[in-house]
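First comes the structure, then the notes that go with it.
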Amino acid sequence: MHWLADDLCIYELVDPDTREPIPLQDGARGEAVFTNIEGDGWAWLRTSLGDIHEVTMSPCPCGRSGFRYKVVGRTDDMLKVKGVIVYPAAVTSLLECFSPRVTGQFRLVLTERPPLVTPPLKIKIERGLEYPAERLGIWSRSCWRPFTVK
């Protein structure tokens, strides 16, 4: 993507752990941080959306000036499934409804780098120890069996 907001916003890359600035040069990666400098009613706020960007400073073949960036990761554990934002904490809340059949322990099975997930989102769930395996039906062969959210 092309960065087109130089007159509205200051763009920076910072190290997600130390918050130290990272120089903008070809291939630089870091957490994107923005400071609004224009707009009615907006204060000068320095903020981040939690995206990890990789920047390209070399000229674009299309002729546009300025740098380009692509989102290559996240600073948090957010996933996006079919445009819907999913946090593992939401999965935990859902699994609490199935206690004591499950312990609440689970593992998300990702086949590609987050945040984008191609459906279905696969989740391995641990059954409750006091819950008889025979009552789990298809899950009776193992503690960890896939549960698919479509």
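So if R0 is 25 Å, what FRET efficiency would residue 133 and residue 89 give, r being the distance between their Cβ atoms, rounded to the nearest 0.05?
After rounding, the FRET efficiency stands at 0.35.
Taking a sphere under 13 Å around the Cβ of residue 75 and counting the other residues whose Cβ falls inside, with K and R at +1 and D and E at -1, yields a net charge of -3. Here the Gaussian network model covers the chain, with springs between Cα atoms less than 10 Å apart; of 101, 64, 29, 64 fluctuates the most. Between 115, 100, 88, which gets the highest mean-square fluctuation from a Gaussian network model of the chain, Cα cutoff 10 Å? Evaluated over the chain, the most mobile residue of the options is 100. Within the shell defined by Cβ-Cβ distances under 15 Å, the residues around residue 99 carry a net charge of 0, with Lys and Arg each +1 and Asp and Glu each -1. Between residue 122 and residue 19, the distance separating the two model label sites (each 7 Å from Cα on the Cα→Cβ line) works out to 4.0 nm.
Of the whole protein surface, residue 45 contributes about 90 Å² of accessible area at a 1.4 Å probe radius.
Roughly speaking, what is the stretch gain from residue 9 to residue 28, that is 0.36 nm per residue apart minus the C-alpha to C-alpha distance, in nm to one decimal?
Numbers: separation 19, 0.36 × 19 = 6.84 nm, distance 1.94 nm.
That works out to 4.9 nm of additional length.
Normalised by residue count, segment 71-115 yields a Cα convex hull volume of 87 Å³ per residue.
Annotation: amide H of residue 37 within the under-5 Å range of 9, 10, sequence separation 5 or more or interchain, hydrogens built in the peptide plane.
For segment 1-65, what does the alpha-carbon gyration tensor say about shape, rounded, prolate or oblate, given a ≥ b ≥ c as the root eigenvalues, a/c under 1.5 as rounded, and a/b over b/c as prolate?
Numbers: a/c = 2.57, a/b = 1.14, b/c = 2.25.
Verdict is oblate for segment 1-65.
Note on the chain: GNM, Cα springs under 10 Å; of 63, 30, 83, the largest mean-square fluctuation is that of 63. Distance between the modelled labels on residue 45 and residue 109, one decimal in nanometres: 4.1 nm (7 Å Cα→Cβ projection).
Debye-formula intensities of the chain, expressed as log10 I(q)/I(0) at q = 0.11, 0.13 Å⁻¹, are -0.62, -0.75 (one equal scatterer per alpha-carbon, no solvent).
The values are calculated or read from the model by the stated rules, or taken from the named source; none is laboratory data. For clarity, every value in this text was computed on a predicted model and none was experimentally measured. Don't worry about glycine lacking a Cβ; one is built from the backbone with ideal geometry, like all the others, and counts go over all protein chains shown. We work out accessible area using only protein heavy atoms, side chains counted, and drop any ligands, DNA or RNA first. Shrake-Rupley method; radii C 1.70, N 1.55, O 1.52, S 1.80 Å.
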